[in-house]
Amino acid sequence: MKIVFLDSATMGDVSFAPISSLGDLICYPVSSREEALARAADAEVLIVNKVKVDKELIDSAPHLKLICEAATGVNNIDMEYAASRGIPVRNAVGYSTDSVVQTTFMVILSLVGRCRYFDDFVKSGEYSRSEIFTDVSKMFFELKGKRMGIVGLGNIGSKVAEIAEAFGMQVSYFSTSGTSHSKKYPSVALDELMSQSDIISVHAPYNERTAGLIGEKELHMMKPSAYIVNMGRGGIIDEAALASVIDEGKIAGAGVDVFTAEPLPADNPLMKVRNKDRLILTPHIGWASVEARERLVGMIAANIAEEYHL
């Protein structure tokens, strides 16, 4: 069988051996629209991460029997048309949970602990010139006893909640689906979560219920001492509004790993924030630990093997 991966560069240097053992694997690091249409032509199995798989692309691949999404979300695939053609779509669920949770707390602890400031303080020579052994000019608060508000209590959000509890935080959440399913943590309205939380962590999918969920109004509800982190999907938080509240000092800071457009355009409002010490931006890396990418390859291989009864 011919297996074609249209944007394999998104996976980094991970080994594709589990997939190539199943058939003739051809990897293209990146594919433009025109290249994708041509390269899919002989594919029996198509693997994509961010490449758009619509009617035109599906029709360009007459031998196509399976589409594998190298991620959890399938927003880039026309699921309805694939189903009408009898082509199954298989994604990978849960492979990146631990990676995203770890990245979430990396960002939270860096923000709250003012890691960038203290590192710069020492490396700039300011500490060497100081008359005292420490620097108490910009202090941080302890997470213990503070309130963690989680937007989206799925697999990732639930793990974030557990670790927040380990720090001694009080956890509540807002259900983006409208179904309060947790018996362990209280479900609250979004307004309450925004106004009462010391840390807000977003772990929701992007859909019609979450698009623009946190805008100017919601951000202005936050405490001036509070932080917000988005590890869910771009477009859930209004990026222009977030840039404004950071520079206006309405909130303590923010961390963002996902953006409305990726890669992040140079003219995005977040790139123009003046108070850069209050903002951490990472290039959608929450999912991408070595172990997570290895698990992802294994799950793609398992999806192909299962579909072909190998």
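The values are calculated or read from the model by the stated rules, or taken from the named source; none is laboratory data. Given the structure is predicted, the values throughout are model-derived calculations rather than measurements. Glycine also receives a Cβ, built like all others from the backbone with ideal geometry; neighbour counts cover every protein chain displayed. Note: accessible area is taken over every heavy atom of the protein model, side chains too, but ligands, DNA and RNA are not part of it. Shrake-Rupley method; radii C 1.70, N 1.55, O 1.52, S 1.80 Å.
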For ARG233 the rounded accessible area (nearest 10 Å², probe 1.4 Å, non-protein molecules ignored) is 80 Å²
Furthest towards positive pole of dipole, ASN75, SER130, LEU111, structure part region 1-151, Cβ charges | SER130
Virtual spin-label span in nm between HIS181 and ASP119, 7 Å along Cα→Cβ | 3.7 nm
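Run the numbers for SER20 and GLU216: contour at 0.36 nm per residue of separation, minus the present Cα-Cα distance, in nm. Could you put the intermediate results ahead of the total?
Details: separation 196, 0.36 × 196 = 70.56 nm, distance 4.81 nm.
Gain on stretching SER20 to GLU216: 65.8 nm.
Taking only Cα atoms of region 122-187, what ratio of Rg to Rh do you get with Rh as the Kirkwood inverse-distance radius? Present the calculation step by step, with values, prior to reporting the outcome.
Working: Rg = 18.6 Å, Rh = 14.5 Å.
That ratio equals 1.29.
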Rg to Rh ratio, region 130-237, alpha-carbon atoms and Kirkwood radius?
-> 1.05
Excluding ligands, DNA and RNA, the carbon-plus-sulfur percentage of the accessible area of region 53-101 with a 1.4 Å probe reads 51 percent
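Mean projection of the alpha-carbon convex hull of region 173-231 over all orientations, in nm²? If you can, show how the numbers build up before the last one.
Details: hull surface 16.4 nm².
The directionally averaged projection comes out at 4.1 nm².
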Gyration tensor (Cα) of region 1-148, equivalent ellipsoid semi-axes in angstrom = 48, 18, 13
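Which semi-axis lengths, in whole Å and largest first, follow from the square roots of five times the eigenvalues of the Cα gyration tensor of region 65-111?
Values: eigenvalues 219, 20, 6 Å².
In descending order the semi-axes read 33, 10, 5 Å.
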Within-15-Å neighbourhood charge of ASP247 [Cβ basis; K, R +1; D, E -1] = 0
Stokes-Einstein D for the chain, Kirkwood Rh over Cα pairs, 4 °C, 1.567 mPa s (µm²/s) = 61 µm²/s
Per residue, how many Å² of accessible area does region 230-310 show with a 1.4 Å probe?
-> 46 Å²
Bounding extents of region 152-310 in its principal axis frame from Cα atoms, largest first in Å, are 58, 42, 31
Straight distance only, please: which lysines reach the Cα of LYS2 with their own Cα at less than 26 Å, same-chain residues fewer than 8 apart left out?
-> LYS50, LYS52, LYS55, LYS65
Percent of accessible area on region 107-245 owned by carbon and sulfur, 1.4 Å probe?
-> 53 percent
Work out the length of the dipole vector of region 11-145 about its Cα centre, built from +1 on the beta-carbon of each Lys and Arg and -1 on the beta-carbon of each Asp and Glu, and round it to the nearest 20 debye.
-> 300 debye
If you project the alpha carbons of region 1-78 onto their three principal axes, what span does each projection cover, largest first, in Å?
-> 30, 24, 21
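Hey, what's region 88-184 come to in accessible area per residue, 1.4 Å probe, Å²? Mind dumping the intermediate values first?
Working: 5480 Å² over 97 residues.
Normalised by residue count, the accessible surface of region 88-184 is 56 Å².
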Pairs over 21 Å Cα to Cα, from LYS159/LYS184; LYS123/LYS250; LYS123/LYS223; LYS144/LYS223, come to LYS123/LYS250; LYS123/LYS223
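Using the eigenvalues of the Cα gyration tensor, what equivalent ellipsoid semi-axes result for region 234-310 when each is taken as the square root of five times the eigenvalue, whole Å, largest first?
Numbers: eigenvalues 276, 30, 19 Å².
Over the Cα atoms of region 234-310, the ellipsoid semi-axes are 37, 12, 10 Å.
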